[in-house]
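Here's the structure, in structure tokens; my notes come after.
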Amino acid sequence: IFWFEHGWFWCIPVADGATSVGAVIWPYYLKTRNKKSLEQFLQETIALCAPLSERLQHAQLTSPVDATGNFSYLCDHSHGSTYLLLGDAYGFIDPVFSSGVMLAMNSAFVGADTVDTCLRHPQQAADALKKFDQSMRIGPKEFSWFIYRMTHPSTRDLFMKPRNSLRMQEAVLSLLAGDLFRGTPIRWSLRAFKGVFYAVSLAHPL
């Protein structure tokens, strides 16, 4: 990840020797594009980030430049009378933290247990489905809070100057590692981190 004034870049090597490069930017900056082509706008945006620009100085563009808005989504229900929604069928969030496969696999484990309970103990089906729904909402909720604030200057300040006060650093690392479903006591530390974020944000009005 490369941070810059108007957002952040990803820089991901892929199997054939190419590298995927793209920018996640604030809407106000996108509006400065005017009539420039996407390729020109991307090149000018890369030039605003000296470390990335230096890294790409000998790179050649190998595919057309594309742009899209936020394509995240979340269903308003996680199950029906004869089905459960697992993984991306239920919701999709920006993959900045590579959480998708982990959330999908966790939903499969919880879903399998839920189906087993519904078939073996129909009288417990309602409670099992309620717990399944609660489990499905945990991951997107926790990760989305960070994803939608990733480009905020306050996040940059907090991530670049980490402190472990109230075990906040441990809690954030635990979250980003996918430790959401084992009962690890990180809730209060995450709330403390969010409180610090809101306090720091007062110095960074957007």
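Below, the figures for the structure above:
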read-out	value
Qualifying positions in the stretch 66-77 - part of a loop (DSSP other than H, G, I, E, B) and either under 26 Å from residue 126 (Cα atoms) or at pLDDT below 90 (or both)	68, 69, 70, 71, 72, 75, 76, 77
Output for the stretch 24-44, where each listed residue is open to solvent by 40 Å² or more (accessible area, probe 1.4 Å) and either small (Gly, Ala, Ser) or in contact with a Leu (Cβ under 9 Å, 6 or more places away or on another chain) (or both)	26, 28, 37, 39, 43
Residue check, residue 126 part of a helix (DSSP H, G or I), hydrophobic (A, V, I, L, M, F, W, C) and more than 23 Å from residue 174 (Cβ to Cβ)	yes
Tally, over the stretch 78-107, of residues that are of a type in the set (A, V, I, L, M), open to solvent by less than 40 Å² (accessible area, probe 1.4 Å) and either part of a helix (DSSP H, G or I) or at pLDDT 95 or above (or both)	4
Extreme residue, farthest from residue 94 (Cα to Cα), among residues of the stretch 126-148 that are aromatic (Phe, Trp, Tyr) and open to solvent by less than 20 Å² (accessible area, probe 1.4 Å)	132
Selection from the stretch 45-63 of residues that are closer than 20 Å to residue 153 by Cβ, open to solvent by less than 60 Å² (accessible area, probe 1.4 Å) and either in a loop (DSSP other than H, G, I, E, B) or not aliphatic (A, V, I, L, M) (or both)	45, 49
Test result for residue 20, touching a strand residue (DSSP E or B) at 6+ places or on another chain (Cβ under 8 Å), outside any helix (DSSP H, G or I) and of a type in the set (Ser, Thr, Tyr)	yes
Residues of the stretch 154-167 that turn out to be open to solvent by 20 Å² or more (accessible area, probe 1.4 Å) and in a helix (DSSP H, G or I), as a count	8
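The values are calculated or read from the model by the stated rules, or taken from the named source; none is laboratory data. Quick caveat: nothing in here was measured; it's all calculated off a predicted structure. With ideal geometry, Cβ positions are generated from the backbone for all residues, glycine too; neighbour counts draw on all protein chains shown. Ligands, DNA and RNA are stripped out before the accessible areas are found, and what is left, the full protein with its side chains, is counted by its heavy atoms. Shrake-Rupley method; radii C 1.70, N 1.55, O 1.52, S 1.80 Å.
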